[in-house]
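These notes concern the structure reproduced below.
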Amino acid sequence: MAQNAAVPIVKKRNFFQRLWDNRVFLLMVAPGAILLIIFFYIPVLANVVAFQNFQYSDQGFIYSVLHSPWVGFQNFAFFFKSADFWIVLRNTVGYNLTFLLLNFFFAIFFGIVMSQMRNQRLLKAYQTSMLFPYFLSWAILAYFVYAFLSSDKGILNHIIQSFGGTPIDFYNTPWVWPFIIIFLGVWKGIGYNSILYFATAMGIDPSYYDAAMMDGANKWQQIKNVTLPHILPVATLMLILNIGGIFRSDFGLFYLIPRSSGTLINVTQTFDTYIYRALTTTNDIGMSTAAGLMQSVVGALLIIICNWVVRRKQPESALF
């Protein structure tokens, strides 16, 4: 009876040996890792201010942190009990849910539409026109919006007057601003968001469409049974990431576009603008930091929960 061949014993390499084996790759990622540590992980330690009655000293920030009195969760309690909290929560979550649904739908729609276009010149024209708003800052767009909505020189009011109507003071009319903000938010981001789905759709193997056509599928059936299933993992991943930012808002959109009008605060105030105003008006650094920390913690929890749900239903589409 033949003897079994001896199985070679592979010596397990320790941590430092594995580092040396991967030294080239580690050197490649080192600059980015160093910047991430300096500009993100070290500043994160300053969130301890959220649990202090922070008093800034002329001897520097670190000295101020070490000598400010500890108040525990009082800053959080003060923020949650303030009259503005529910208004800020309503606006932030309400606008972000609307942006999430509209951007999700229109981005997929336009991404698929562009992937079906065969005229390359027309496709490039559409892509350019849709992407152009994304590269404009809110500071510039604020002047464009003012040129349309100004009560005395605005284009819309000139049109209204030309038809015999009464000019509208848009910057003192709160009820119109949810529509304006939603339109601008979707209009500015739709081009950028659709590119990802366009690229995914363009990467689908044409043989799938050929097989569908041989089975007699029309264009809608091809999109339903070929395109949508292929872009679903990417769409799920983007949905998880966007849900994580549901407690954050675009500062420029909610602060610069309404021109910080006091009469519009109830419909334009979000967590980000609230934190900024708290810092500039009351100089309450502890409470502002508590609000910012709450945003980050809730966002992280939402990502973990959503990813857990997706991993149970469709593991290949999960973020981690």
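Only Cα pairs within less than 10 Å get springs; with that Gaussian network setup on the chain, which residue of Asp152, Asp284, Asp58 has the largest fluctuation?
Asp58
Once the dipole of the stretch 1-138 is set up with Lys and Arg at +1 and Asp and Glu at -1 on Cβ about the Cα centre, which of Gln59, Val49, Pro69 lies farthest towards its positive end?
Value computed over the given set: Val49.
What are the principal axis extents of the Cα atoms in the stretch 82-130, in Å, biggest first?
Here the spans come out as 56, 16, 6 Å, largest first.
Can you pull the accessible area of Thr282 for me, 1.4 Å probe, Å² to the nearest 10?
Estimated to the nearest 10 Å², Thr282 gives 90 Å².
Treating only the Cβ of Lys, Arg, Asp and Glu as charged (+1, +1, -1, -1), what charge dipole size does the chain show about its Cα centre? Round to the nearest 20 debye.
Numbers: 20 positive and 12 negative charges, 165 e Å.
Magnitude of the dipole: close to 800 debye.
Rounded, prolate or oblate: which fits the stretch 142-257 when a ≥ b ≥ c are the square roots of the eigenvalues of the alpha-carbon gyration tensor, with rounded for a/c under 1.5 and prolate only if a/b beats b/c? Kindly include the intermediate steps, with their values, before the conclusion.
Values: a/c = 4.02, a/b = 2.19, b/c = 1.83.
It is prolate, given that a/c is not under 1.5 and a/b is the larger ratio.
List the aspartates and glutamates whose alpha-carbon lies under 15 Å from that of Lys188, not counting same-chain residues fewer than 8 positions away?
List returned: Asp250.
Using every Cα-Cα pair within the stretch 1-128, state what percent have a distance larger than 19 Å.
Details: 6435 of 8128 pairs.
The answer is 79 percent, as a whole percent.
Tell me which of Thr282, Val309, Leu253 sits at the most positive position along the dipole axis of the chain, charges placed on C-beta atoms (Lys, Arg +1; Asp, Glu -1).
Val309
In the stretch 113-154, what percent of the accessible surface is made up of carbon and sulfur (1.4 Å probe, ligands and nucleic acids excluded)? Don't skip to the end; give the middle numbers.
On the way: 1880 of 2840 Å².
Of all accessible area on the stretch 113-154, carbon and sulfur atoms account for 66 percent.
Is the chain rounded, prolate or oblate when judged by the Cα gyration tensor, a ≥ b ≥ c being the square roots of its eigenvalues, rounded requiring a/c under 1.5 and prolate requiring a/b larger than b/c? Before the final figure, lay out the partial values.
Details: a/c = 2.39, a/b = 1.13, b/c = 2.11.
Oblate is the answer for the chain, as a/c is 1.5 or above yet b/c matches or exceeds a/b.
Build a GNM of the chain with springs between Cα atoms under 10 Å: which of Leu102, Leu26, Leu228 gets the top mean-square fluctuation?
Checking each option, the largest mean-square fluctuation is seen for Leu26.
How large is Rg/Rh for the stretch 250-301, to two decimals, with Cα atoms and a Kirkwood Rh? Write down the numbers at each step before the final one.
Details: Rg = 11.6 Å, Rh = 11.6 Å.
On the Cα set of the stretch 250-301, Rg over Rh gives 1.00.
Suppose every K and R has +1 on its Cβ and every D and E has -1 on its Cβ; what is the size of the dipole of the stretch 187-292 about the Cα centre, in Debye to the nearest 20?
On the way: 6 positive and 6 negative charges, 67 e Å.
That gives the stretch 187-292 a dipole magnitude of about 320 debye.
Taking the Cα centre as origin and putting +1 on Lys and Arg beta-carbons and -1 on Asp and Glu beta-carbons, what dipole magnitude results for the stretch 106-249, to the nearest 20 debye?
For the stretch 106-249, the charge dipole is close to 180 debye.
Please find, in a Gaussian network model of the chain (springs between Cα atoms separated by less than 10 Å), the residue of Phe170, Phe110, Phe61 whose mean-square fluctuation is greatest.
Phe61
Using alpha-carbon pairs under 8 Å, 6+ residues apart, how would you state the relative contact order of the stretch 18-72 in percent?
On the way: 26 pairs, mean separation 14.2, N = 55.
Relative contact order for the stretch 18-72 comes out at 26 percent.
Restricting things to Cα coordinates, could you compute the convex hull volume per residue of the stretch 96-194 in Å³? Could you put the intermediate results ahead of the total?
Working: hull volume 13.0 nm³, N = 99.
Dividing the Cα hull volume of the stretch 96-194 by its residues yields 131 Å³.
The values are calculated or read from the model by the stated rules, or taken from the named source; none is laboratory data. These numbers come from a predicted model, not from an experiment. Here the Cβ is made from the backbone with ideal geometry for all residues, glycine too, and neighbour counts use every protein chain on show. Areas reflect the complete protein model, heavy atoms only, side chains present, ligands, DNA and RNA absent. Shrake-Rupley method; radii C 1.70, N 1.55, O 1.52, S 1.80 Å.
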